[in-house]
Amino acid sequence: MMKRTIVSLLFLALGSYMAWGQSGILEKLQQIKEISDIKKMDIDSFDEYYEFWYEQPIDHSRPEGGKFKQRVLLGHKNKPKAPVIVELQGYNIWSPKAGELAQLLNGNQLTIEHRFFDRSVPQGGIPWEYLTIKQAATDQHEIIQAIRKNIYPEVKWVSTGISKGGQTTIFHRYFYPEDVDVSVPYVAPLNLKYVDPRLAKFLEKAGTSKVGFGKFLFGNDERNTCHWDIKDFQNLCFQKIDSLIPMVEEYAQEKNYTFETVGGIRRAVQLMILEYPFAFWQWGHKCSNIPLAEDGIEAIYNNLMEVSGPSFFEDKNIVQQQPFFYAALTEIGMYDYKVKPFKKYLPDKEDITFVFTMPKGIEQKPFNEQQMKDINRWLQTDAEKMLFIYGGMDPWGATAVDLKENSKCRKYVKADMDHTCRIKHFEEITRQDIIETLKSWLK
């Protein structure tokens, strides 16, 4: 009798697991009226995976108005208590694969493309006045609530994002703090002005021993002179610009690049040179690779192209990234290029901003400083269970979230890392502390 009971229980457990394995996820997605065009995918780390499109109002304050479809991915694991990791993209969806948190927490993954990027655009083009952080947060709120209600009502939810996706994670949590249990923004700046002066201050200190900054990062090695090596290289590039232009132009022709938006090939090369220090530190380039004059024009050209290539200023790229530039100009902030150190090489009398990226015919709205101040105040007072990851060598870390006395959130900075900093890059003791903090918050 005992043996028969055990066998029956095993069959019951197996049947329960198979019922979850045949989870009905597809059927549940099909029952959500806003969802259409569901496509099954095969992605490692997940037992089921779907791409679908979620219909959103263009303006959430007038949901009866125009609509657009937003791309969403859902990776499902056959584990009843697995948390849902919501990857909030700041741009288009880069990859369907499991992100760091989905791997660490062995969770399901819901990935949401940002409104008005890639194919998540209304028919007829982008209505720019509705590209705001609150409208985007409401998109994410609607999708999260629909998936939570219909598929995962009983599990914990974690939101996360990288860079602008990290900003998106902060903004969504600000407007809808109850949507998720925990948030993990990676390398997310919080710029309090359109051009936040902390960014320029970072670039003036990076690679020096000023105020202990260089020593903190590098000790007493040659990287403490890197700031001046970069400046020397920029001057060298400006001196050699007439030789660099035809080289960049030949490359551009091979790639079918054009530069009408910025004002032509010469202007593009000027901007490449000005962008060099920000790109250098953001992506962790090596000071020892910076060429000298005696290394020759080929070496100078190769290093400039490696660190600060022309694609950032190319017409098609600017159009593709215009939603980012529009948001930077109106709500989330950006850096500028300081003209004074190179004024003998440039026609500009004022520092160069990214206003040239504004969509044609669209009037630039004043930057909403008050909104950023309100979000900053909330982070320092009311925000809970948010864990921030930053690299100490990343320029965007200059405008990192400052939690002040808010002990309900945590912030981790890996001093020698750049914009690619992730949890896996921290030393073992810190990495375990991060993971234990997340797991304790999810209990």
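The values are calculated or read from the model by the stated rules, or taken from the named source; none is laboratory data. Keep in mind that what you see is a predicted model, and the values were worked out from it rather than measured. Positions of Cβ are generated from backbone atoms using ideal geometry, with glycine treated the same way; all protein chains shown enter the neighbour counts. Side chains are part of the model used for accessible areas, which takes the heavy atoms of the whole protein and leaves out ligands, DNA and RNA. Shrake-Rupley method; radii C 1.70, N 1.55, O 1.52, S 1.80 Å.
Ordered from highest to lowest accessible area with the whole protein assembly present and a 1.4 Å probe, Asp394, Asp416, Asp374 read as Asp416, Asp374, Asp394. Using a probe radius of 1.4 angstrom, the carbon and sulfur fraction of the accessible surface of the stretch 70-121 is 49%. Placing +1 on the Cβ of every Lys and Arg and -1 on the Cβ of every Asp and Glu, with no other charges, gives the chain a dipole of roughly 1280 debye about its Cα centre. Here the gap between Lys338 and Glu55, fully extended at 0.36 nm per residue and compared with their Cα-Cα distance, gives a gain of 97.6 nm.
Residue farthest toward the positive end of the dipole of the stretch 341-429, with Cβ of Lys/Arg at +1 and Asp/Glu at -1: which of Thr357, Ala415, Pro347? So the residue furthest toward the plus end is Thr357. At a Cβ-Cβ separation cutoff of 4.7 angstrom, cysteine residues of the chain with no neighbouring cysteine are Cys237, Cys409, Cys421. The label-point distance for Lys97 and Asp348, in a model that sets each label 7 Å from Cα toward Cβ, rounds to 3.7 nm. Legend: distances between Cα atoms for Lys193/Lys414; Lys156/Lys360; Lys97/Lys156; Lys97/Lys338; Lys79/Lys373; pairs beyond 32 Å are Lys156/Lys360; Lys97/Lys338; Lys79/Lys373. Counting only protein heavy atoms and a 1.4 Å probe, the chain has 48 square angstrom of accessible area per residue. In terms of distances greater than 28 angstrom between alpha carbons, the cross-link table entries Lys67/Lys149; Lys340/Lys404; Lys201/Lys439 yield Lys340/Lys404; Lys201/Lys439.
Leu292 contributes about 100 Å² of solvent-accessible surface, heavy atoms of the protein only, 1.4 Å probe. Sorted into 10 angstrom bins from 0, the C-alpha pair distances of the stretch 248-314 split as 21, 51, 26, 2 percent.
Compared with the alpha-carbon gap, the fully stretched path from Glu405 to Asp47 is longer by 124.7 nm at 0.36 nm per residue.
When you restrict to C-alpha pairs under 8 Å that are six or more residues apart and normalise by the size of the chain, the relative contact order lands at 14 percent. Rolling a 1.4 Å probe across all protein chains gives Ser209 an accessible area of roughly 60 Å².
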